[in-house]
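Quick notes on the structure that follows.
The values are calculated or read from the model by the stated rules, or taken from the named source; none is laboratory data. A quick note: this is a predicted structure, and the numbers were derived from the prediction, not measured. With ideal geometry, Cβ positions are generated from the backbone for all residues, glycine too; neighbour counts draw on all protein chains shown.
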Amino acid sequence: MTETAPRIPGHGLASRRRLWRATFHLFLGLTLASVLLIAARVHLAPDTWWHLRTGAWIVTQRRLPSQDLWSYTRYGAAWSPPGWPVQVLFYVLVRVAGYGSLNVWTAAMYALAYLFVFYASRGHPGLRAFAVALAAITGSLYQAARPYMVTTVLTAFFLWVLETWYRGQAQDRRLWWLLPGMALWTNTHAGFLSGFLLWGVYTLSAGYEAWRRPSAWTWARFRRLLFLGVGLLAAAMLNPKGPTRLLYPLATLGLRRLTWIAEWQSPDFTRPVTWPFLAWWFLLLGLLALHGRRMHLRHLLLWLGFGALAFRAVRNVALFALIAPVCWTPYAHYAWRTWRKGRRAGSKVPPVRNRLNRMLVAAAWLAVALRLLYVSLPGYVRTYVAQTYPTGAVAYLRAFRPQGRLFNSYNWGAFLLWSLPEYPVFIDGRTDLYGDAFLEAWAQVAQAEPGWEQQLARWQVNIVLMEPRWPITRVLPLAGWQEVYRDDHSVLFLRKGEP
């Protein structure tokens with residue numbers, strides 16, 4: 001991954017190139033440091049825990065799971081999702097370096113993704129730094145220690161390869177780097193559809209240009225992308241499930257009750273954390289209105305396509321944040337060059353202060369190291385887990401061992417898989433496994449809707465562990481259930497007559 005200085009005609013060409021290289025490396029170092037600071041926090045999300053449990057099972061059993069083993073509602077049902085390379089990695093990291101290592105891994109993956117975005121963008125390094133920093137803030141809406149981070153990195157990688165090749169800044173062989181990337185992607189996360197979406201945008205754009213301005217070069221570019229698509233399809237089949245893995249994302253996207261889950265809901269623009277996403281739209285519209293330059297077809301399709309996905313689900317805002325700088329900086333760069341034309345030619349080139357630049361970058365990276373160390377401290381992570389998950393209720397269940405099946409919070413199901421394996425769960429974050437029927441059954445009980453007692457009786461539930469905010473926690477005492485444990489964020493009930 002290289003960046004060459006622009007060919008600036010005029011007096012002091014060597015000085016200008018030295019200044020460009022120094023400026024580029026300064027802003028690159030500061031940008032990566034800022035992205036790491038944005039991402040340096042605890043990333044132990046609800047789904048992290050079932051990935052850890054799966055990784056532990058794969059390591060101990062030395063094979064991939066083919067059915068559910070950890071719930072009593074779907075025990076034995078076929079289940080073999082992508083993700084095993086990351087799941088094994090998670091388990092090894094936790095065994096070797098503790099939970100804090102997952103925070104460092106997530107932050108590093110986030111920074112790697114925006115490194116590709118920085119190189120895929122255009123214009124002055126300061127312009128790129130601004131765009132990438134704003135994009136990192138936008139995408140921080142959805143970060144977690146999950147295989148999804150591989151989708152974040154590979155989306156940025158595909159974007160960098162396709163964009164730089166399309167602009168003529170890379171040779172054809174760089175395109176074939178995408179084939180092993182796709183093979184890794186389909187084994188890791190269902191977000192590999194983003195790779196095909198990117199390929200489709202660039203192929204459609206190339207085909208349109210070949211039709212509008214036919215030449216040997218435009219048709220050759222279009223044919224190369226078509227051949228690449230065949231290769232990507234073949235690479236996507238290199239996984240334990242073969243071609244059937246290509247249909248796996250539909251198992252989740254086809255759920256009717258998917259919007260009950262926070263990450264699949266549309267962004268709530270009353271929350272300030274979503275405002276950077278809106279800011280991108282105003283930035284682009286203002287820039288185009290000011291200078292009147294049309295967007296290239298590929299940039300328009302990327303912006304509208306990923307923008308529509310982001311408006312539909314919060315989790316897709318992170319993908320839109322990756323493409324936003326690549327689509328916005330070419331037109332901001334054009335505006336900057338237009339402004340530069342009004343400056344007096346032959347102005348003195350400022351001296352390059354490499355020592356000062358290195359000191360600034362070193363200070364920024366020292367802050368990054370201290371922050372990553374802090375969020376990885378075992379005590380800090382334990383405090384976060386205790387404030388977020390039902391560690392007190394788990395300790396109670398482990399100590400007194402009440403008999404019977406457990407009805408649990410959806411958000412805590414995966415945590416219970418990992419921390420309380422002796423109690424199979426009613427439901428957890430594996431939505432593709434449970435489907436609409438079990439999501440509706442869980443909601444019927446959690447919201448104390450008519451028929452909730454029959455659901456608990458059907459599954460022989462004697463223990464209920466939920467957040468206090470759910471209506472069922474106010475109804476159970478009236479139905480004779482006994483509250484045996486409560487803290488600020490969890491409450492535990494036993495059926496009347498249970499020890």
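Screening segment 241-345 for helices (runs of 4 or more DSSP H) wholly inside it with 1 or more residues that are touching a residue at least 40 places away in the same chain (Cβ under 8 Å) and in contact with a Gly (Cβ under 6 Å, 6 or more places away or on another chain) returns the ranges 317-340. Total residues in segment 153-191 satisfying the condition of being under 27 Å from PRO240 (Cα atoms) and outside any helix (DSSP H, G or I): the figure is 1. Take the conditions under 24 Å from ASN316 (Cβ atoms) and crowded, with 19+ Cβ neighbours inside 10 Å and apply them to PRO46. Does it pass? Yes, satisfied. The requirement of being modelled with pLDDT under 90, over 23 Å from the mean Cα position of the chain (by Cα) and among the polar types (S, T, N, Q) is not satisfied by THR259. Condition test on VAL230, is it in contact (Cβ under 8 Å) with a residue 60 or more places away in the chain and on the phi < 0 side of the Ramachandran plot? Here the answer is no, as VAL230 does not meet what is asked. Among the residues of segment 441-458, those identified as buried (at least 18 other Cβ atoms within 10 Å of the Cβ) and not aliphatic (A, V, I, L, M) are TRP442, TRP452.
Just one of (1) at pLDDT 90 or above; (2) over 24 Å from TRP303 (Cα atoms); (3) surrounded by fewer than 14 Cβ atoms within 10 Å (Cβ to Cβ) fails for PRO272. It is (2). Among the residues of segment 475-490, some residue qualifies, meaning at least one is exposed (fewer than 14 other Cβ atoms within 10 Å of the Cβ), in a helix (DSSP H, G or I) and outside the structural domain of TYR248 (by TED's automatic domain parsing). Every condition in (1) surrounded by 15 or more Cβ atoms within 10 Å (Cβ to Cβ); (2) at pLDDT below 95 holds for GLY10 except the one numbered (1).
Does any residue of segment 375-393 turn out to be farther than 30 Å from ALA108 by Cα and either touching a residue at least 24 places away in the same chain (Cβ under 8 Å) or surrounded by 21 or more Cβ atoms within 10 Å (Cβ to Cβ) (or both)? Checking segment 375-393: at least one residue is farther than 30 Å from ALA108 by Cα and either touching a residue at least 24 places away in the same chain (Cβ under 8 Å) or surrounded by 21 or more Cβ atoms within 10 Å (Cβ to Cβ) (or both). Against the criterion of being out of contact with any Pro (no Cβ under 9 Å at 6 or more places or on another chain), of a type outside the set (A, V, I, L, M) and assigned to a helix (DSSP H, G or I), PRO214 does not qualify.
Taking the condition under 22 Å from ARG74 (Cβ atoms), crowded, with 19+ Cβ neighbours inside 10 Å and of a type in the set (Phe, Trp, Tyr), does PHE438 pass?
For PHE438, the condition - under 22 Å from ARG74 (Cβ atoms), crowded, with 19+ Cβ neighbours inside 10 Å and of a type in the set (Phe, Trp, Tyr) - is not met.
Against the test of being at pLDDT 95 or above, under 21 Å from ALA206 (Cβ atoms) and of a type outside the set (Lys, Arg), the options LEU162, LEU184 yield a single qualifying residue, LEU162.
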